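Here's the structure we're looking at; comments come further down.
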């Protein structure tokens, strides 16, 4: 038993040394606002939460994507299908399924309708509230377009069946028609103990 523990400790040390040689660090060591590179693009750390880290892509991951043809409801949207069928599998391949954390978020509208609607997803757009919370960290004036949140502006009952909250490169937030093409900037929560390639500040 003691020998097994020593062997595992040795393997761990060898792995740590190998990662250090590559210039990689634990994700937990990157401060809020810091960045790291991956095979699917550069990410920004939005929040360190114990053993979990909230991140978002620095650039648009997809361009000219329609939220949906005729509805601002994320559950049934074309954007939701894109995340489930294409983006999440790409994230899973890059980070490992075990390192993508389950997260539940509210799909309450900007004007506080549909309070009971919750989304369970490991990769998704930001919500309106997250766009407000992390606003200063989201600013990237080099982005070529605005990007979608997963939050409806209001409801059909209130006369807003098509409007979705969107974010500008400079961090502004407004409503936009669901059937227009905008950018996609995925958000996810990762385990903080994974190794990543930290981007050094200039």
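The values are calculated or read from the model by the stated rules, or taken from the named source; none is laboratory data. Nothing here was measured: the structure is a model prediction, and the numbers come from that model. As a convention, Cβ positions derive from the backbone with ideal geometry for all residues, glycine included, and neighbour counts pool all protein chains shown.
Scanning the range 67-80 for residues that are more than 26 Å from residue 170 (Cβ to Cβ) and part of a helix (DSSP H, G or I) yields 75, 76, 78, 80. Among the residues of the range 107-132, those that are touching a residue at least 40 places away in the same chain (Cβ under 8 Å) and farther than 20 Å from residue 159 by Cα comprise 119, 122, 123, 124, 125, 126, 130, 131, 132. Here 110, 55, 25, 45 are screened, and the one residue that is touching a helix residue (DSSP H, G or I) at 6+ places or on another chain (Cβ under 7 Å), on the phi < 0 side of the Ramachandran plot and modelled with pLDDT of 95 or more is 110.
Of all residues in the range 177-188, those that are in contact (Cβ under 8 Å) with a residue 40 or more places away in the chain and surrounded by fewer than 20 Cβ atoms within 10 Å (Cβ to Cβ) total 3. Can you find a residue in the range 150-170 that is part of a loop (DSSP other than H, G, I, E, B), within 18 Å of the chain's Cα centre (by Cα), surrounded by fewer than 22 Cβ atoms within 10 Å (Cβ to Cβ) and touching a residue at least 40 places away in the same chain (Cβ under 8 Å)? No, there is no match, as no residue in the range 150-170 is part of a loop (DSSP other than H, G, I, E, B), within 18 Å of the chain's Cα centre (by Cα), surrounded by fewer than 22 Cβ atoms within 10 Å (Cβ to Cβ) and touching a residue at least 40 places away in the same chain (Cβ under 8 Å). All of 169, 161, 186 fail the test of being under 22 Å from residue 78 (Cα atoms) and out of contact with any helix residue (DSSP H, G or I) (no Cβ under 6 Å at 6 or more places or on another chain), apart from 161. With respect to being surrounded by fewer than 16 Cβ atoms within 10 Å (Cβ to Cβ) and over 30 Å from residue 158 (Cβ atoms), residue 102 fits the description.
Can you find a residue in the range 77-94 that is touching a helix residue (DSSP H, G or I) at 6+ places or on another chain (Cβ under 6 Å) and closer than 20 Å to residue 119 by Cα? Yes; the residues of the range 77-94 include at least one that is touching a helix residue (DSSP H, G or I) at 6+ places or on another chain (Cβ under 6 Å) and closer than 20 Å to residue 119 by Cα.
This table checks each residue for (1) in a strand (DSSP E or B); (2) under 13 Å from residue 125 (Cα atoms).
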{"residue": "54", "(1), (2)": "yes, yes"}
{"residue": "65", "(1), (2)": "yes, yes"}
{"residue": "82", "(1), (2)": "no, yes"}
{"residue": "86", "(1), (2)": "no, no"}
{"residue": "94", "(1), (2)": "no, no"}
{"residue": "98", "(1), (2)": "no, no"}
{"residue": "102", "(1), (2)": "no, no"}
{"residue": "105", "(1), (2)": "yes, yes"}
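Total residues in the range 189-202 satisfying the condition of being touching a helix residue (DSSP H, G or I) at 6+ places or on another chain (Cβ under 7 Å), buried (at least 19 other Cβ atoms within 10 Å of the Cβ) and either on the phi > 0 side of the Ramachandran plot or in a strand (DSSP E or B) (or both): the figure is 2. Within the range 108-137, the set of residues being in contact with a strand residue (DSSP E or B) (Cβ under 8 Å, 6 or more places away or on another chain), part of a loop (DSSP other than H, G, I, E, B) and surrounded by fewer than 14 Cβ atoms within 10 Å (Cβ to Cβ) comprises just one member, 115.
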